[in-house]
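Data first, discussion second: the structure below is written as structure tokens.
The values are calculated or read from the model by the stated rules, or taken from the named source; none is laboratory data. Keep in mind that this is a model prediction, so the values were computed, not measured. Cβ placement follows ideal geometry from the backbone for every residue including glycine, while neighbour counts extend to all protein chains displayed. Please note that ligands, DNA and RNA were not included when accessible areas were found on the heavy atoms of the full protein model with its side chains. Shrake-Rupley method; radii C 1.70, N 1.55, O 1.52, S 1.80 Å.
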Amino acid sequence: MNKIAIFMNDQKSHAYDLAERITVFFEDHGIQVYHPHDKPGFSCVGDLDEKYFNEFSSVDMILVLGGDGTILAVTHLLIDWNLPILGINMGKMGFLAEVELEDLFSSLEEVIAGRYSIDERMMIKAEVVRKGAPIAPLYGLNDIIVNKGILARTVVIDIYVDGEFVIEYPSDGVIVSTPTGSTAYSLSAGGPIVDPNLALMVISGVCPHLLHARPLVVSGDAKVDIVFHSNAAKGVVTADGQHPFFLEDGDHIQISSFHKKAKLVRLGEKHFYDTLNHKLSERFSRRV
């Protein structure tokens with residue numbers, strides 16, 4: 001490993017200090033840290049300035065300081081480079097983050113020694129099609145969500161899979177989740193927890209006004225077409241809770257797997273189900 005870059009949630013009070021300490025650590029080990037001239041790391045908020053683009057072709061790994069939202073934001077920012085990401089948890093849940101703060105520098109020693117693996121996660125893409133013309137591409141590691149707008153009114157959403165009509169959802173919206181996103185919003189909507197090594201999508205209604213509505217699991221090769229209907233107000237589609245795009249009546253949101261996969265750095269032999277049990281139990285115990 002020759003060069004790393006640090007991205008951070010700069011709303012976290014200790015993010016800058018931690019980024020500076022990590023920079024010193026790597027430089028003491030002869031590894032270059034790529035960062036803006038005036039900061040120890042890049043911000044995950046906003047667009048990445050084009051003047052920094054070329055250097056990322058020589059970066060070997062991205063360290064992300066924050067929670068799952070920060071990791072998702074960086075995945076979007078760096079989608080053209082598709083670099084391995086090591087998440088350092090400064091958030092609450094941290095399903096995607098590999099390293100807790102108390103283990104930070106011992107974990108970085110493992111990274112420098114090359115004792116890590118790359119976990120490749122399925123991503124999905126969506127195209128908003130209006131009156132037959134594609135107008136907005138979106139990419140998600142967790143999910144694509146079609147939702148009602150600001151008015152508290154039910155919208156109607158038609159679901160097609162591989163051109164076949166499946167169901168009409170009078171609802172607040174619909175979630176199309178990857179296996180990675182199955183432990184996020186999809187879980188709250190009653191969707192199943194899915195092993196992240198699988199290639200599939202989970203379609204879940206958000207507060208569907210139906211007695212028989214159930215989440216639907218489809219192949220990772222499927223083509224999902226969501227048709228949005230609402231004469232009352234505009235809806236919104238988001239990817240990983242980011243990049244909102246406003247929908248009009250009759251818009252299609254066409255979703256399929258993306259040819260690139262997110263690359264998450266993993267240390268040791270920790271299994272998904274260990275992480276699942278630990279994270280969900282930890283959140284539950286804090287609320288008791």
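The residues in the range 184-212 that are open to solvent by 20 Å² or more (accessible area, probe 1.4 Å) and either among the aliphatic types (A, V, I, L, M) or closer than 20 Å to MET122 by Cβ (or both) can be counted, and the count is 13. The criterion of being touching a Gly at 6+ places or on another chain (Cβ under 9 Å) and not in a helix (DSSP H, G or I) holds for GLY94. Looking across the range 238-257 at every residue that is of a type in the set (A, V, I, L, M, F, W, C) and out of contact with any Gly (no Cβ under 8 Å at 6 or more places or on another chain), the one that is surrounded by the fewest Cβ atoms within 10 Å (Cβ to Cβ) is identified as PHE245.
Selection of strands (runs of 3 or more DSSP E) fully inside the range 113-178 by the criterion of at least 1 residues being touching a Lys or Arg at 6+ places or on another chain (Cβ under 6 Å) and open to solvent by 20 Å² or more (accessible area, probe 1.4 Å) returns 117-121, 133-140. Taking the criterion of being part of a loop (DSSP other than H, G, I, E, B), open to solvent by 30 Å² or more (accessible area, probe 1.4 Å) and modelled with pLDDT of 95 or more, would at least one residue in the range 217-227 satisfy it? There is at least one residue in the range 217-227 that is part of a loop (DSSP other than H, G, I, E, B), open to solvent by 30 Å² or more (accessible area, probe 1.4 Å) and modelled with pLDDT of 95 or more. When THR23 is tested against the conditions (1) surrounded by 18 or more Cβ atoms within 10 Å (Cβ to Cβ); (2) outside any loop (DSSP other than H, G, I, E, B); (3) out of contact with any strand residue (DSSP E or B) (no Cβ under 6 Å at 6 or more places or on another chain), the lone failure is (3). For the range 147-167, taking the residues that are within 27 Å of the chain's Cα centre (by Cα) and among the acidic types (Asp, Glu), the one that is farthest from ALA232 (Cα to Cα) is identified as ASP162. Note on the range 168-218: residues that are acidic (Asp, Glu) and under 23 Å from the mean Cα position of the chain (by Cα) amount to 2.
For the range 187-200, the set of residues classified as within 15 Å of ARG214 (Cβ to Cβ) and not in a loop (DSSP other than H, G, I, E, B) consists of LEU187 only.
Looking only at the range 222-257, count every residue that is touching a residue at least 40 places away in the same chain (Cβ under 8 Å) and under 15 Å from the mean Cα position of the chain (by Cα) and tell me the total. Total meeting the criteria: 8. Could you please find all residues in the range 26-67 being part of a loop (DSSP other than H, G, I, E, B) and open to solvent by 30 Å² or more (accessible area, probe 1.4 Å)? HIS29, GLY30, HIS35, HIS37, ASP38, LYS39, VAL45, GLY46, ASP47, ASP49, PHE53, ASP60, listed by residue number. Return the residue satisfying two criteria in turn: it lies in the range 258-267 and is part of a strand (DSSP E or B) and within 13 Å of the chain's Cα centre (by Cα), and of such residues it is surrounded by the most Cβ atoms within 10 Å (Cβ to Cβ). Top of the filtered list is ALA262. Considering each residue of the range 85-96 in turn, none proves to be surrounded by fewer than 22 Cβ atoms within 10 Å (Cβ to Cβ), without any contact (Cβ under 8 Å) to a residue 60 or more places away in the chain and of a type in the set (A, V, I, L, M, F, W, C).
Taken over the range 1-20, the criterion of being open to solvent by 70 Å² or more (accessible area, probe 1.4 Å) and within 13 Å of ASP60 (Cβ to Cβ) is satisfied by MET1, ASN2. In the range 115-123, the condition of being more than 30 Å from HIS271 (Cβ to Cβ) and touching a residue at least 12 places away in the same chain (Cβ under 8 Å) is met by no residue.
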